[in-house]
Amino acid sequence: MKVSQIVKVLESIAPPALAEDWDNVGLLVGDGDDDVRRVLVCIDLTPAVLNEAIRLRAGMVMAYHPVIFKSVNRITADKTPVLYRAARAGVAVYCMHTSLDSVPGGLNDALADVLGAGERRPMQPQANANNCKIVVFTPPEDLSQVAHAAFAAGAGRIGNYYDCSFFSHGIGSFCGDEGTHPAVGQPGRHEAAEEVRLEIVAPKSKAAAVCSAVRATHSYEEPAIDVYPMEIYPEGCGLGRIGALTRPASVASLIARLKRAGGLKKILVAPACDSAGKVGPLPIAKLPPVSTVACFAGVCGHEIRNALAAGATFLVTGEMKHHYALEAASGGMTVACMCHSNSERIGLAKTAERMAATLKGIDVTISQTDRDPFEVV
């Protein structure tokens with residue numbers, strides 16, 4: 001199977017459009033025309049993991065964390081050894097990161113499943129600001145040709161639907177300067193004409209092409225075209241999860257579930273304070289049963305306020321700054337930190353299973369050398 005074909009499958013599992021705007025996801029190293037028989041799955045493409053990929057003759061690595069995050073100005077053996085060796089060895093590298101965090105069934109949902117959460121919602125709903133709405137006013141007889149020109153230029157797609165638009169009727173008024181050539185009326189005279197307001201959604205990257213196509217097919221000398229930025233909130237997508245447990249559970253049992261799922265002997269826990277906030281952290285055995293939980297794979301910070309506002313009394317994450325942990329505990333929420341990539345690794349196995357089920361004939365292998373750099377002893 002070609003690298004490009006595998007990329008399409010990975011993009012269907014975690015669409016790149018769901019990634020945060022500061023992130024770097026997608027095919028970061030490799031040639032789309034290369035053939036692949038094995039994909040190695042990991043959190044971090046370390047030198048050890050790359051050695052494993054080369055030894056297993058994996059033509060591609062799906063690394064959750066971007067192997068290129070900050071900009072690089074050179075790829076050399078001494079400055080970017082992993083990138084350099086992967087490219088030389090012909091190992092393609094695809095990275096998912098926050099797109100896999102945000103998508104339903106991704107890493108945060110895997111954590112919620114471990115805790116036993118039923119219905120859940122994102123802690124930080126994902127907003128896609130890559131689209132815009134283009135509005136053009138056109139004579140009724142121009143509507144069809146203008147709309148089709150906009151569609152051909154890339155407008156009108158909403159999810160799996162295409163050629164989507166909305167139009168309504170109204171009256172437009174105008175007056176042209178001397179030297180103009182209005183399609184209706186005469187220069188220097190106020191005119192009013194029946195018009196149709198046509199609204200079409202388009203990616204921002206294609207807005208200019210859509211506007212050009214509209215102008216080229218419009219009968220007006222100066223068609224009125226408005227472009228509005230949009231934010232779209234896909235259902236169930238976003239960072240973190242908040243959900244109600246199918247049945248209340250003790251803090252100790254939730255910690256035990258996380259240890260078992262992550263194969264960990266110990267995790268960091270910041271126990272909640274009493275409900276009045278006047279007494280310090282309570283012993284874990286004396287903490288009240290938990291009904292609502294929150295999950296945030298990787299690093300959780302100010303998002304704890306959304307969890308507290310939703311009534312969550314237990315939150316699992318990878319790591320958290322000191323003052324956020326104090327804020328959470330003072331608010332009556334216990335925080336369990338598994339170490340950064342341990343909180344992400346739980347969902348990696350499910351991702352690999354989905355890849356294997358779709359990539360027929362491709363050996364999908366989870367790395368045996370990939371591990372979190374920290375250990376609680």
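The values are calculated or read from the model by the stated rules, or taken from the named source; none is laboratory data. Keep in mind it's a predicted model, so treat the numbers as computed, not measured. Counting neighbours? That spans all protein chains shown, and the Cβs are built from the backbone with ideal geometry, glycine included.
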Q) Of all the residues that make up segment 236-259, how many are touching a residue at least 24 places away in the same chain (Cβ under 8 Å), surrounded by fewer than 16 Cβ atoms within 10 Å (Cβ to Cβ) and small (Gly, Ala, Ser)? A) 2
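Does Ala202 meet the test of being closer than 22 Å to Ala17 by Cα and assigned to a strand (DSSP E or B)?
Details: closer than 22 Å to Ala17 by Cα: yes; assigned to a strand (DSSP E or B): yes.
Yes: the conditions hold for Ala202.
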(Q) Checking the structure you have, find out if any residue of segment 288-304 is over 23 Å from Gly106 (Cβ atoms) and out of contact with any strand residue (DSSP E or B) (no Cβ under 7 Å at 6 or more places or on another chain). (A) yes
Q.
Condition first: more than 18 Å from Gly30 (Cα to Cα), part of a helix (DSSP H, G or I) and either over 21 Å from the mean Cα position of the chain (by Cα) or among the β-branched types (Val, Ile, Thr) (or both). Now tell me which residues in segment 86-116 satisfy that.
A. Thr98, Val114, Leu115
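Evaluate the following for Val82: is it within 28 Å of the chain's Cα centre (by Cα), assigned to a helix (DSSP H, G or I) and among the β-branched types (Val, Ile, Thr)?
Numbers: within 28 Å of the chain's Cα centre (by Cα): yes; assigned to a helix (DSSP H, G or I): yes; among the β-branched types (Val, Ile, Thr): yes.
Here the answer is yes, as Val82 does meet what is asked.
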Q.
Could you tell me how many of the residues in segment 328-351 are in a helix (DSSP H, G or I) and either basic (Lys, Arg) or crowded, with 19+ Cβ neighbours inside 10 Å (or both)?
A. 13
Q) Can you name every residue in segment 347-370 that is within 17 Å of Gly105 (Cβ to Cβ) and among the β-branched types (Val, Ile, Thr)? A) Thr351, Thr358, Val364
Q.
Quick check on my filter: what residues within segment 323-374 are of a type in the set (Ser, Thr, Tyr), over 19 Å from the mean Cα position of the chain (by Cα) and closer than 13 Å to Cys42 by Cβ?
A. Thr365, Ser367, Thr369
Q: Look through segment 1-23, keep the residues that are surrounded by 16 or more Cβ atoms within 10 Å (Cβ to Cβ) and either of a type in the set (Gly, Ala, Ser) or in contact with a Pro (Cβ under 8 Å, 6 or more places away or on another chain) (or both), and return whichever of them is farthest from His97 (Cα to Cα).
A: Ala17
Q: Tally the residues that are surrounded by fewer than 15 Cβ atoms within 10 Å (Cβ to Cβ) and either in contact with a Pro (Cβ under 6 Å, 6 or more places away or on another chain) or in a strand (DSSP E or B) (or both), restricting the search to segment 168-190.
A: 7
Q. Would you say Pro47 is of a type outside the set (Asp, Glu), loosely packed, with under 14 Cβ neighbours inside 10 Å, assigned by TED's automatic domain parsing to the domain that holds Arg354 and farther than 17 Å from Ala92 by Cβ?
A. yes
Q: Could you tell me which residue of segment 260-277 is farthest from Cys337 (Cα to Cα), considering only residues that are in contact with a Leu (Cβ under 8 Å, 6 or more places away or on another chain) and surrounded by fewer than 19 Cβ atoms within 10 Å (Cβ to Cβ)?
A: Asp274
